[in-house]
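The values are calculated or read from the model by the stated rules, or taken from the named source; none is laboratory data. If you're wondering where the values come from, they're calculated on a predicted model, not measured in any experiment. Cβ placement follows ideal geometry from the backbone for every residue including glycine, while neighbour counts extend to all protein chains displayed.
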Amino acid sequence: MLTLVFALIIIVDGVEQPDVSHWRSIYRCNEFSEAVEKGLTRPHNRWRWRNNSQVNITAYCKPVYVSDEVEILD
């Protein structure tokens, strides 16, 4: 059986990284995406980092179907 989840995709210097995490919630996945792109170290300090992204690091979430063997994070 396949389950719809959200894959966190990270690109460094134009190269998609092979390690992908799978998230049950798009909102939770996007939290990590934002933290990776902006270099956040604490969830409550977001206001300080809004315009400071890391150089050559992009992260986003995309919907994918995965099998039951894949670990899904909450």
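Taking into account only those residues within the range 1-10 that are of a type in the set (A, V, I, L, M) and surrounded by 13 or more Cβ atoms within 10 Å (Cβ to Cβ), which is farthest from LYS38 (Cα to Cα)?
That would be VAL5.
State yes or no: is TYR27 at pLDDT 95 or above and assigned to a helix (DSSP H, G or I)? Please lay out each step first, then the result.
Details: at pLDDT 95 or above: yes; assigned to a helix (DSSP H, G or I): yes.
Yes; evaluated as a whole, the condition is true for this residue.
Out of the residues in the range 57-74 meeting the condition of being touching a Lys or Arg at 6+ places or on another chain (Cβ under 8 Å) and closer than 13 Å to PHE32 by Cβ, tell me which one is modelled with the lowest pLDDT.
Here is the first cut: in the range 57-74, the residues touching a Lys or Arg at 6+ places or on another chain (Cβ under 8 Å) are 72-74.
Next cut, closer than 13 Å to PHE32 by Cβ only: 73-74.
Working: LEU73: 96, ASP74: 91.
Among residues in the range 57-74 that are touching a Lys or Arg at 6+ places or on another chain (Cβ under 8 Å) and closer than 13 Å to PHE32 by Cβ, the one modelled with the lowest pLDDT is ASP74.
Any idea which residue in the range 34-56 is modelled with the highest pLDDT, counting only those that are within 17 Å of GLU16 (Cα to Cα) and not in a helix (DSSP H, G or I)?
ASN56
Restricting to the range 11-24, and then to whatever is over 23 Å from ASP68 (Cα atoms) and surrounded by 14 or more Cβ atoms within 10 Å (Cβ to Cβ), can you tell me which residue is nearest to the chain's Cα centre (by Cα)?
By that ranking, first place goes to ILE11.
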